[in-house]
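Just so it is clear, none of the values below were taken in a lab; they were calculated from the coordinates. Fair warning: this is a prediction, and the values are worked out from it, not measured in the lab. Reconstructed Cβ throughout: ideal geometry from the backbone, glycine too, with neighbour counts over all protein chains shown.
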Ligand code: SUG
């Protein structure tokens, strides 16, 4: 049976703004308080989805969330009508209003961890929504994420959904941003690679000193257990704490993998040789020929990787078997990174082509091409069981582009978040979206 890797991209929500909410994420901190352009952000994301669809990849779309999250504000003591809740939060606790307005669900690499059916004990595709509990503005995503994923992958014969892990720092889970799957073919059993930033219960593991390590070993192990992965099908590795302290807040800021290839920075992992050897051995046992490309620090410093998001790229296998790297415009703007990429293409290795996309609106919050997509490997049968409303087509692209143009503002500043009209605009847009994508009722305002 044929199998595919489907990229589900997060559609940028109408409240996209620069709230400076993510300590440890250099872009989020340095662009705090700038005016954002939600319309441009959403259209940039849609352009990427369309381009991948036009290249022949199966492309999906993942809906944004209801923001401001009035329920989150109510849960911390703001009462009255919805408009009063927003007004009071704006007056008394602006940082909480900003957090409740974040469009951060667009970075769907953090929505969930997904294990394809070829890897799991019960032969179903497993999803665990990420609790994202390192940051308040992200910790409020998972209930709606679960409902949206449930509406997209509803068929219980093929899809199994797990609720987010316990909402404590010891089980900090950031989803697929710290998870990579290697395989010979998407439909064959592979090896799932979990990268964690620290151990919650074992003090022998080093931890970063300056910035938080969002993903714990214990969370990664829990996800592997929930998904029914075998010991032969998993590798756990610690991220280098020194790079977390330089702004590498997820593994997908320093490494990307696809098929049999891992493309990573020399300083990405704590025990690089051991990690690569384990991946090689376990993949060899699966009949796969694991390869890695290590980018040396004297060609691309960690700082350049963080600024350019070289590794937050999408590594895609084309029909002819060669690989394509989708990078953000910031890679072309960085002379060292761009020179490295020219050399990489000229080397006649597995990566044959680089394509550049303008994702500046998302990048300014630390979200590159890879953050914006959730990968789901599916066989033909599973693909036909996915809600067809969320699979990108030329007609859906047109409809979504018009929907964005109709409902989104082209400038948003902190003061605008206090406007109760913004909530009405968002709900109106999202209500229409659930019809376009055929999701049913998934948002709090549709349920309560
Ligand atoms: O969680 N930024 C996101 C970016 C997530 C990127 N995802 C991956 N690398 N997979 C985060 O830090 C910033 C929001 C703000 O500051 O307004 C933010 O949440």
task: Would you kindly state how much longer the chain becomes between residue 348 and residue 329 on full extension, computed as 0.36 nm times their sequence separation minus their alpha carbon distance, in nm to one decimal?
output: 4.5 nm
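Could you check what % of the DSSP bridge pairs in the stretch 312-403 are antiparallel, to the nearest 5?
Numbers: 4 of 10 bridges.
Looking only at bridges with both residues in the stretch 312-403, the antiparallel portion is about 40 percent.
Under 1.5 on a/c is rounded, so check that first for the stretch 299-448, then, if it is not, pick prolate when a/b is larger than b/c and oblate when it is not; a ≥ b ≥ c are the square roots of the alpha carbon gyration tensor eigenvalues.
On the way: a/c = 2.84, a/b = 1.47, b/c = 1.94.
Verdict is oblate for the stretch 299-448.
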- prompt: How much mean residue ellipticity at 222 nm does the chain get from its helices, if each DSSP H run of length 4 or more adds -39500 (n - 2.57) and you divide by all residues, to the nearest 500 deg cm²/dmol?
  reply: -10000 deg cm²/dmol
- request: Tally the DSSP beta bridges in the chain and give the antiparallel ones as a percent, rounded to 5.
  value: 50 percent
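Arranged by the count of other C-beta atoms within 10 angstrom, fewest first, what order do 244, 345, 140 take?
Values: 244 26, 345 13, 140 23.
Going from least to most buried by this count: 345, 140, 244.
Please report the equivalent ellipsoid semi-axes of the stretch 180-298, computed as sqrt(5 x eigenvalue) of the Cα gyration tensor, largest first, in whole Å. Numbers along the way, then the final one.
Numbers: eigenvalues 110, 63, 24 Å².
Value: 23, 18, 11 Å, ordered largest first.
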- prompt: Once label points are set 7 Å from the Cα along Cα→Cβ at both residue 30 and residue 398, what is their separation, rounded to one decimal in nm?
  reply: 4.2 nm
task: Starting from the eigenvalues of the Cα gyration tensor, five times each then square-rooted, give me the equivalent ellipsoid semi-axes of the stretch 145-245, largest first, whole Å.
output: 26, 17, 12
message: If you fit an axis through the alpha-carbon atoms of helix 217-226 and take the longest principal axis of the Cα set of the chain, what angle between them do you get, 0 to 90°, nearest 10?
response: 90 degrees
- line: the stretch 107-220: relative contact order from alpha carbon pairs under 8 Å, six or more residues apart, as a whole percent, is 27 percent
query: If eta is 1.002 mPa s and T is 20 °C, what Stokes-Einstein diffusion coefficient results for the chain, Kirkwood Rh from Cα pairs, in µm²/s?
result: 98 µm²/s
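Take the Cα pairs of the stretch 371-416, get the Kirkwood Rh, then feed it into Stokes-Einstein at 37 °C and 0.692 mPa s and tell me D in µm²/s. Present the calculation step by step, with values, prior to reporting the outcome.
Values: Rh = 13.7 Å.
Calculated translational D: 239 µm²/s.
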- line: Distance in Å, no decimals, from the C-alpha centre of the stretch 96-168 to the one of the stretch 1-33 is 15 Å
- request: Could you tell me what % of all Cα pairs in the stretch 70-116 have separations over 16 Å?
  value: 45 percent
- request: Whole Å is fine, so just give me how far the alpha carbon centre of the stretch 327-379 lies from that of the stretch 247-293.
  value: 18 Å
- request: Pull up the DSSP beta bridges for the stretch 294-448 and report the antiparallel fraction as a percent, rounded to 5.
  value: 40 percent
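Provide 329, 232, 5 in ascending order of the number of other Cβ atoms located within 10 Å of each residue's Cβ, fewest first. Walk me through the numbers before you get to the answer.
Numbers: 329 15, 232 11, 5 19.
Ranking 329, 232, 5 by Cβ neighbours within 10 Å, fewest first, gives 232, 329, 5.
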task: Using only Cα atoms, tell me the angle between helix 38-54 and the longest principal axis of the chain; keep it within 0 to 90° and round to the nearest 10.
output: 40 degrees
- line: Dividing the mean separation of Cα pairs under 8 Å (6+ apart) by the residue count of the chain yields a relative contact order in percent of 23 percent
query: Between residue 297 and residue 318, what FRET efficiency follows from the Cβ-Cβ distance if R0 is 35 Å, with the result rounded to 0.05?
result: 0.75
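What ranking do 48, 91 get, fewest neighbouring Cβ atoms within 10 angstrom at the top?
91, 48
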field: Dmax and Rg, reported as Rg then Dmax, of the stretch 1-128 (C-alpha, Å)
entry: 18.3, 58
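Calculate, for residue 436 and residue 358, the FRET efficiency according to 1/(1 + (r/R0)^6) with r their C-beta to C-beta distance and R0 35 Å; round to the nearest 0.05. Intermediate results must be reported in sequence, preceding the final value.
Numbers: r = 25 Å, r/R0 = 0.71.
So, using R0 = 35 Å, E works out to roughly 0.90.
Evaluate E = 1/(1 + (r/R0)^6) for residue 405 and residue 83, where r is the Cβ-Cβ distance and R0 equals 30 Å; express this FRET efficiency to the nearest 0.05. Don't skip to the end; give the middle numbers.
Working: r = 27 Å, r/R0 = 0.88.
So, using R0 = 30 Å, E works out to roughly 0.70.
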statement: In degrees, nearest 10, the alpha-carbon axis of helix 272-285 is tilted away from the dominant principal axis of the alpha carbons of the chain by 80 degrees
Separation in nanometres of the label points that stand 7 Å from Cα toward Cβ, at residue 421 and residue 74: 2.5 nm
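Remind me, what semi-axes does the stretch 261-370 give for its equivalent ellipsoid, largest first in whole Å, using sqrt of 5 times each Cα gyration tensor eigenvalue? Don't skip to the end; give the middle numbers.
Details: eigenvalues 117, 57, 36 Å².
Working through the eigenvalues yields semi-axes of 24, 17, 13 Å.
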task: For residue 1 paired with residue 55, estimate the spin-label separation in nm (one decimal), with each label point 7 Å from Cα along the Cα-to-Cβ line.
output: 2.7 nm
